[in-house]
Structures are given as structure tokens and as C-alpha cells.
Amino acid sequence: MANGTILAGFLAPHPPHLVYGENPDRNEPRSTGGWELLRWAYEKCREKIKAWKPDVILVHSPHWMTIVGHHFLRVPHLKGLSVDPIFPHIFRYNYEMNVDVELADACYEEARQTGLVAKKMTNPNFRVDYGTIVSLHMLNPDWDIPILGISANNSPYFYSTEIGQEQMVKLGQATVRAIAKTGRRAVLAASNTLSHLHYDREPELIEDMNKEVIFNNSQYQWDMRVLELMRKGNTEQLMTILPEFMEKTAAEVKSGGLTWMLSAMGFPHIPAQVHGYWTVIGTGNAVVEWDLTQGTV
Amino acid sequence: MPNGTIQRAYLVPGLPHLTANVPVESWETLRRGCRQAGDHVKAAKPDVIVVYSTQWISVLGHSFQTNPNPKGLHVDENWYEYGDLPFDLRVDAALGTRAAAIASSLGLATKTVNYHGFPLDTGTLVALRFLNPDNTIPVAVVSCNIYAGQEDSLTLGRAMRQAIEESDKRAVVVACTGLSGRFFTEEVDPRTDRFAHAEDDTWNRRILDLIAQGKNAAVLTLSAEYAQAAATDMGFKAFAWLMGTLGTPTTPGTVLAYGPVWGTGAAVVEYSVKRHA
Ligand SMILES: [Fe+2]
């Protein structure tokens, strides 16, 4: 009997600025750096992932927004040029990834069984969204671990936060069952920014850190309140205040990734590690890790 | 003295269902309307087709496509099974650049985009497949800023009108948008396609009736209420953009087709304006 397990979950924000600041070969534009505190935070995650050698990284991305149900990438190999529609001047990335299609099938089946509408994306010409790509690059720039991309169903926006979050809880439960059944050692990534109010004009030098500040102090305080609960492992309280956080800060976690991930991990009470926090054009971004291998090794 | 004109203006839907090879009555009706619009565009022999698409979403102000020759293959992120949309467009970069400069001088944040591999949106490509099937007419494409309200959308349209006027060109302007925006959120048999809510249909018809009477200003006034009641596609601000380009005339719009697409409302509307822009 297969007995897969989730090694860890990461809150893995996806501003393309982080890839831009790093200047990898895969990204065409060049920068003079920037957003180091977030990039260094990701470096800590990279080390741990390298050491764990997981079978798969699953990522839930708000920039693949789907109307009819929850979709899973189901093409074995995806390759292409991803130009960010919002930030094309800083993100033109050549991606190439292997998809864990067996796990995609299992997630699909489990999601259907739990009553969710689910779909498998089987078009080989599909362009992978930049949220998925940025989070995956920041966690594993070598791309040597198969991945599974999951869409963000738009139910939190289309219906209500409540209905949306309920669906994400179910999706998380379906995901962990699929991981168990397929025997995968998996890492999860919720590709989300925290507070999401942002400036609509950019500085001339995009990576001018002199211009990089939180949109307002209330956003900052909300981000800290949420991060503090994560650090304390107070997941119940975190789940309780999430809807208000979403409403007050237009938080991107509304799209469901964080709830999906926490649900898949069984809403753990272990203290999460906040590796770094900084703003990107005024939004609040944190790289956070829930290491489920603690105490089990 | 510059003498650019807008020959015709259109509201068209941009969902990929219209290019899918699936025989659904209402989709067929809409396809016929789009083809008819395409015939009229061809007959008008415009120098440029200007498209504003609600599916090209921008957040840092308003974007204008200025790559002279965007080429590639687009796959819709929701309905990827309805086929690929290859494209190879001729873009009137000068018009886009000028419209962006004018919009900026009117206080709007603007950006021109000229990048190989930039993702074009489904709406633009679906609209152009009908309105410019031979790809013989240059196009200009404008994004839908999610934060823009009606006033900014009108201003954005006015900027395009001025750019057309200065260009001395004959233009067709197209607002690619849905009407009521409530999709079915589960798998449905397309042959049973209908409006997700009966009230959405009522609202759409009310708006189309006003358009058919040339009461375009009244439609603008009602837009916020319409958006609230029928969850319209991006607040129906594509219509405001279109009215910005036309100066909110009392010209009646001809409804060439109307029907549901996956629960939402869609219509093909034509304005034969032929006014000096
Ligand atoms: Fe985002």
C-alpha cells in the first residue's frame, strides 16, 4: 500500500520581481538586484528542498484562474516562454517542467469524489501562468523535481469568501489523499502574496529599493498579525481571521492557495518559520515554511 | 487639418466558444452576427481596427500593444479544449503609441507593450478571427484596466478618438466584451446553454433596447446598476470606452445577434457612425 506524505508547505509569493532581481539565465531582462530579503528567504527553502529530494512540488496559483472547477496540469512535459502580462519588462522566462501526471490523475479523482468539479488540462500548447513559474523557480531553480500545477477556482470571487474557502478545504483533503495513495513525498506551495494593495506606477529604475515601501501601515499591521499567528502555530485563530484579512487588505490568499495548503497539511499546530518579509510595489510578501518532518525524523 | 474618421463601431463577444467547432444554437447565432459584422468591416475598407478587450487585463494603468507583428499560439486558460488560437497580427504601433501619449496627457497611467512572446488575450483573438479573418487590416489593441471606472474608460476612449483623428486614418473601433457575466461553474452540456439567471437576460435586453434607440447616454447612466444586478463583464466599461471613442452619440446601435454563452450574455452590436472622429 502506497503511503505518501507531505514533507512541508511553503507560502511562496510570486512577484516576478524576485526572479528579475536574481538574474537567472532563463529570464531575459537584466537587473541590478533588489528584494534581497525575500530572495535570501527563498534560498533557505531551496537548501531544505534539495536535502529532502521530494518526488514532487505541488503549486496552487491565483494566476491560473478557472471558472469551471479546479484544474490540474496533466501534460507530462511543458515548455515555453512566459511573458508576464502585467510586468513584461521584467519577466520573460523560458520554462521547462516535468509534470507528475499520475498524481494529477489521482488528485482529479479524489477531488471529484469529494464533490468538487475538477478538470485535467491536457492541451500541450498551454502556456503555464507566471504565478506557478515564479514560485517554482524560487523554490527550485534547477527544475529537477516534477511538479503539479493546480488552478485557482474563482469561487471566492464569484460566490463568496466562505464558499471559496470551503472548496479549498475540500481540495486540500483531496490532495493529501492523492499524495498518500500515490506514495509521493511531496512539498506544497501556496503561491500567494499577503496584503495586496499596490502602487500603480513604477519607479524609473524598477529595482529602486528607495521606492519600495508598504502601501500603508494598516496593511503592514495586518500582515504582521497574520505572520505572528503562523509563527505561533495558532492555526485556528489564523483561519478565523483570514476572511477579515482578505477583506481589509485585498489579500491574495483569498484565491485559496493558503487554505488549500493548510487543509492538506491537516491545519498543523507547529510553529511556521517566517524566512523573510518585504514589499513588492507596495504589497506584503512573506516566505513561510511549515516543516512537517520536524519530530518525525 | 487632420481628418481621421471612425467608420463603424462594434460590441462583440470574445469567448472561445465562438471559435469552437461545437454546434450550439445560440453560439451559432452569435457566430452569424460576428461574420456579418466582419463582412461590414471588410466593406468599410478601414485602415485600422482598434480593439479594447475586457480579457486583456492590466493593473498598472492602461496598456497599448505596440509590437508591429505579434506572432504565436494562444490557448485559453479555461477552455483549452476548444482549440488553439494561432496569431500573426499586423499592429499599427504608431496609433497605439500616440493614443497612449494622449491618454497619459489626460492623466491616465499608460504603458506600451512591445515584447516578443507577450500573451495576447482570447477576446482580442476571437474578435479578430471574425472581424479580420484574412488578417489584411492592421489592428491596435488596448487593455482593460481592472481599476478603471467609467470616467477613466471614457477618457481612454477619447484619447483613442483623438489619436485616430490625428492619424488621418479610417478606423473601426471594437469593444470586445460580454454582457451579463454569470457563468455556469459546473460542466454543462453546451446544447442546453441558457442564461444563468433569467433576470440577467431581462437586464441585457433592457440595455440592448436602449442601445437600439440610440439612448447610449442612458446606458452609461445605468451601467453601475446593470453591473450590480447582472455581474456584467468588467462592469461593462468596454461600452464606456466605446462611447469615449464616439463621443456618446445618439446613433442607434443595431443588434446583429444576442444569446447566452455558458450562462453569460453576449451580443453583436453595430454602430454605423461614419462621423468625423
Ligand atoms: Fe499575484
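For the pair B:Glu25 and B:His116 in one chain, pulling the backbone fully straight at 0.36 nm per residue adds 29.0 nm over the alpha carbon distance. Per atom type, the protein assembly as shown shows carbon and sulfur on 50% of its accessible surface, probed at 1.4 Å.
Exceedance of the 24 Å cut-off in Cα-Cα distance is limited, within the set A:Lys119/A:Lys254; B:Lys215/B:Lys237; A:Lys232/A:Lys254; B:Lys42/B:Lys111; A:Lys119/A:Lys181; A:Lys48/A:Lys79, to B:Lys42/B:Lys111; A:Lys48/A:Lys79. A simple charge model with +1 on the Cβ of Lys and Arg, -1 on the Cβ of Asp and Glu and nothing else charged puts the dipole of the range A:159-228 at about 800 debye relative to its Cα centre. Mean sequence separation of contacting Cα pairs (under 8 Å, at least six apart), scaled by the length of the range A:38-149, corresponds to a relative contact order of 43 percent.
Positive-end ranking of B:Cys176, B:Asn132, B:Gln162 along the dipole of chain B, with charges on Cβ about the Cα centre, is headed by B:Gln162.
In a simple Cβ point-charge model (Lys, Arg +1; Asp, Glu -1; nothing else charged), the range B:121-233 has a dipole of about 360 debye relative to its Cα centre. Largest first, the residues B:Arg161, B:Arg32 sort by 1.4 Å accessible area into B:Arg32, B:Arg161.
For chain A, the gyration tensor built on C-alpha atoms gives a rounded shape. Its axis ratio a/c (a ≥ b ≥ c) stays under 1.5. Normalising the average separation of contacting C-alpha pairs (under 8 angstrom, six or more residues apart) by the number of residues puts the relative contact order of the range B:5-276 at 32 percent.
Specify whether the C-alpha gyration tensor of the protein assembly as shown places it in the rounded, prolate or oblate class, a ≥ b ≥ c being the square roots of the eigenvalues: rounded for a/c under 1.5, otherwise prolate if a/b is larger than b/c and oblate if not. It comes out prolate by the Cα gyration axes. For chain B, the calculated P(r) over all alpha carbon pairs, in 10 Å bins from 0 to the bin holding the longest distance, is 7, 33, 39, 19, 2, 0 percent. As a length-normalised measure over Cα pairs under 8 Å and 6 or more apart, the relative contact order of the range A:6-95 settles at 35 percent.
Overall, the range B:5-276 carries a charge dipole of about 1000 debye about its Cα centre when +1 sits on the Cβ of Lys and Arg and -1 on the Cβ of Asp and Glu, all other atoms neutral. Extension gain, A:Ile270 to A:Thr5: 0.36 nm times the residue separation minus the Cα-Cα distance gives 93.8 nm.
Estimated from the Cβ-Cβ distance and a Förster radius of 45 angstrom, the FRET efficiency linking B:Asp39 and A:Glu236 is about 0.10. In the range B:5-276, the DSSP beta bridges split such that about 40 percent are antiparallel, to the nearest 5. Amide H contacts of B:Ala140: B:Ile49, B:Val50, B:Val51, B:Asp92, each under 5 Å away and 5 or more positions distant or on a separate chain (H built 1.01 Å from N in the peptide plane; Pro and chain starts excluded). For the protein assembly as shown, adding -39500 (n - 2.57) for each run of n ≥ 4 DSSP H residues and dividing by the number of residues yields -12000 deg cm²/dmol at 222 nm.
The values are calculated or read from the model by the stated rules, or taken from the named source; none is laboratory data. As the structure is a computational prediction, the values presented were derived from the model and not from experiment. Quick reminder, even Gly has a Cβ in these numbers, built from the backbone with ideal geometry, and neighbours come from all protein chains shown. Remember, those area values only see protein heavy atoms, side chains included, never the ligands or the DNA or RNA. Shrake-Rupley method; radii C 1.70, N 1.55, O 1.52, S 1.80 Å.
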